[in-house]
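See structure below.
The values are calculated or read from the model by the stated rules, or taken from the named source; none is laboratory data. Keep in mind it's a predicted model, so treat the numbers as computed, not measured. Calculation scope for accessible area: heavy atoms of the full protein, side chains included, ligands and nucleic acids excluded. Shrake-Rupley method; radii C 1.70, N 1.55, O 1.52, S 1.80 Å.
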Amino acid sequence: MSATVIPISVLPSVEFDAPLIRKLNQLGPRYTSYPTADRFSGTFGIADYERAVAGVRAKAEKRALSLYLHIPFCNTVCYYCGCNKIVTKDRSKAVTYLDYLKREVAMQGRLFAGMNQIEQLHFGGGTPTYLSDEQMDDLMAHLRRWFDFAPDTVGEYSIEIDPRTVSRERIHTLRRQGFNRLSLGVQDFDPIVQKAVNRIQPEQQTLDIIAAARAADFRSVSVDLIYGLPKQTLTTIGQTLEKVIAADPDRIAIYNYAHMPHLFKPQRRIAEEDLPDADTKLEMLFLCIRRLNEAGYVYIGMDHFAKPSDDLAVAQREGRLHRNFQGYSTHAEADLVSCGVSAISAVGPTYSQNVKTLDAYYDHIDRNELPVARGIELKSDDLLRRQLIQHLMCNFELSIADIAQTFGIDFENYFAPELEKLRVMQADGLITLDENWLRVTLKGRLLIRNICMTFDTYLNKQRASQPEPLRYSKTI
Ligand code: SF4
C-alpha cells in the first residue's frame with residue numbers, strides 16, 4: 001500500500017494509518033471481559049457463584065438481567081472456526097442436551113427468583129438454529145416459566161442464524177417465538193472462498209433470509225463478514241461488501257480471520273499458502289472501512305459498524321454503550337446469567353464459566369448442581385481497570401477525574417507505569433493525554449486493543465516472561 005496516512009473524510013469516525021498499524025500490530029485480548037477469561041481459576045466454584053447472586057439480591061436496586069443460552073451443535077465444520085462447538089448430524093444429541101439445558105435454566109431461575117426480569121436474551125453457538133421449531137418453542141416456553149421477559153418493545157432478544165439452516169418461514173417463526181434481533185454469518189460470497197473454508201452458503205439464500213427478517217419485522221439485522229480468509233482477494237471481499245451494503249443491514253461486523261491452528265483444530269485444514277499476506281489484509285480492512293463509511297455506517301469500535309439510527313450508535317453517542325461476552329451492548333451493568341456448556345456468566349463482581357464438555361455438563365446437572373468449572377472474583381484493582389477498559393472500548397475517551405473520584409485514587413500515582421507507556425502512544429499519535437482526559441484519536445481507534453492492553457495488569461506481568469501470548473489474535 002503506497003499511502004501513509006489515509007483520512008476517511010466522508011465520515012470522520014476512524015482514520016486508517018497503515019504504517020502505524022504495521023508498527024503496532026501485535027497479539028492481544030479482545031476484552032469482552034476484564035480480567036480476560038484466561039485468568040479465570042478452578043478455585044472459583046459453585047459456592048462463590050451463589051455468594052455473588054446473594055450479593056446482587058442484597059443490593060437495594062432492582063436491575064434487569066441478561067440471559068445467554070449456548071447451543072453448541074453444528075451440522076458441518078467451517079475450517080476457520082474458533083468457537084466451542086460439537087459437529088454432529090446425530091439429532092438425538094440435541095434432544096439430550098436440551099433436557100439438561102432446561103434443568104440448568106430451572107436451577108438458575110430458582111436462584112434468581114424475585115429478581116428474574118429479563119431485558120436481554122441472546123442465543124449463541126455453535127448454531128442455535130440447529131434446534132427444530134418444536135425444540136425452540138419448548139425451550140422458549142421453559143424460559144418464560146422461569147424468567148419474566150420485558151415486552152418486545154423494551155427487550156433485546158437476539159439469535160445467531162446460520163442461513164443454511166433456516167427458511168423464510170423459519171424466520172417468521174423465530175419472530176413469533178419472541179426474537180426481535182438477528183445476526184447472520186456471511187464471511188464471503190465468493191464460491192471459491194466458501195469452498196476453501198468448507199462453508200457453502202449460496203448468496204441468494206443469504207439475501208433471501210435478510211429480506212425475510214425485514215418482512216418479519218426484526219428490529220435489527222446484523223451481518224458478519226471475515227477478511228483474511230483463504231483464497232480471499234480484494235475483489236471478493238469488495239464484491240461481497242457491495243452486496244451486503246445493498247441488502248441494507250443495521251449492523252455489519254468485519255472480523256479479522258486469526259489463523260491459530262495450534263489452538264483451533266479445524267484451522268489445520270486451511271493451507272497457509274492460500275491465506276492473503278499481511279499487506280493485502282490491511283488493504284482489505286481499509287477497503288471495508290472506506291466503503292462502510294461511504295455507505296453511512298458509523299464505526300462503533302473493534303470490528304463493528306452500525307447505521308447512525310441503530311441502538312448501538314445511539315447508545316454510543318449518549319455514552320451508554322457497554323461491552324460484554326456478546327460484544328457491544330446497550331444494556332449497561334446488567335448481570336449476565338449464562339446457561340449451557342462453556343457459557344460464561346457475569347454476576348456482581350464475578351465471572352464464572354461452565355464446564356466445557358457435554359459429559360461433565362451432564363454429570364453436574366445429574367448431581368443437581370450448577371455446572372460451574374472456573375471463574376474469578378474481581379478485586380478492587382480489577383474493578384477499576386475493568387471500568388477504565390470498558391470506557392475506552394465503548395467511548396474512545398476517559399475522564400481521569402471521574403475515575404479518580406469514583407475509585408478514590410490519585411490517578412497519576414496509581415497509574416505511573418501505565419502513563420509512561422501512554423506517553424509513547426501519545427507521541428505515536430494514538431491518543432491525546434492531559435491531566436483531565438485520555439482521548440483516543442481517530443487513527444488510534446483501530447488500535448484500541450493496544451491502548452487497553454496498557455492497563456491490563458495480568459498481561460503486563462506475564463509479558464515479562466512470555467512477550468507474545470500465543471493464545472491471542474493480532475490486534476488488527
Ligand atoms: S463458524 Fe459457526 S457454523 Fe461454522 S463450525 Fe463454527 S460455530 Fe459452527
Rh by Kirkwood over Cα pairs, then Stokes-Einstein D for the stretch 254-336 at 1.002 mPa s and 20 °C, µm²/s: 141 µm²/s
At 20 °C and 1.002 mPa s, grab the translational diffusion coefficient of the chain from Stokes-Einstein with a Kirkwood Rh over Cα pairs, rounded to a whole number in µm² per second. 92 µm²/s
Under a 1.4 Å probe, what is the accessible area of the stretch 148-284 per residue, stated in Å²? 41 Å²
For the table Lys243/Lys307; Lys59/Lys307; Lys89/Lys195, the rows whose alpha-carbon distance is greater than 26 Å are Lys59/Lys307
Partners for Lys421 among lysines (Cα-Cα distance below 17 Å; same-chain residues under 8 apart left out): Lys23, Lys461
Whole-number D in µm²/s for the stretch 182-267 (Stokes-Einstein; Kirkwood sum over Cα pairs; 25 °C, 0.890 mPa s): 181 µm²/s
Report, ordered by chain and residue number, the lysines lying within cross-link reach of Lys62, taken as a straight Cα distance under 30 Å and ignoring same-chain residues fewer than 8 apart. Lys102, Lys379
In terms of the ratio Rg/(2.2 N^0.38 Å) built on C-alpha atoms, what value belongs to the stretch 337-476? 1.28
Heavy atoms of Glu377: accessible area, 1.4 Å probe, square angstrom to 10: 100 Å²
Tally up the carbon and sulfur contribution to the accessible surface of the chain as a whole percent, 1.4 Å probe, everything protein left in place. 52 percent
Global form of the stretch 27-133, assessed from the alpha-carbon gyration tensor, a/c cut-off 1.5: oblate
How big is the accessible area of Thr36 in square angstrom, nearest 10, if you roll a 1.4 angstrom probe over the protein chains? 10 Å²
In Å², what does the accessible area per residue of the stretch 18-144 work out to with a 1.4 Å probe? 40 Å²
Chain lengthening between Arg91 and His172 when straightened (0.36 nm per residue, less Cα-Cα): 26.9 nm
Short version: what are the Cα gyration tensor semi-axes of the stretch 78-206, square root of 5 times each eigenvalue, largest first, in whole Å? 29, 17, 13
Can you divide the C-alpha Rg of the stretch 343-392 by 2.2 N^0.38 Å and report the result to two decimal places? 1.45
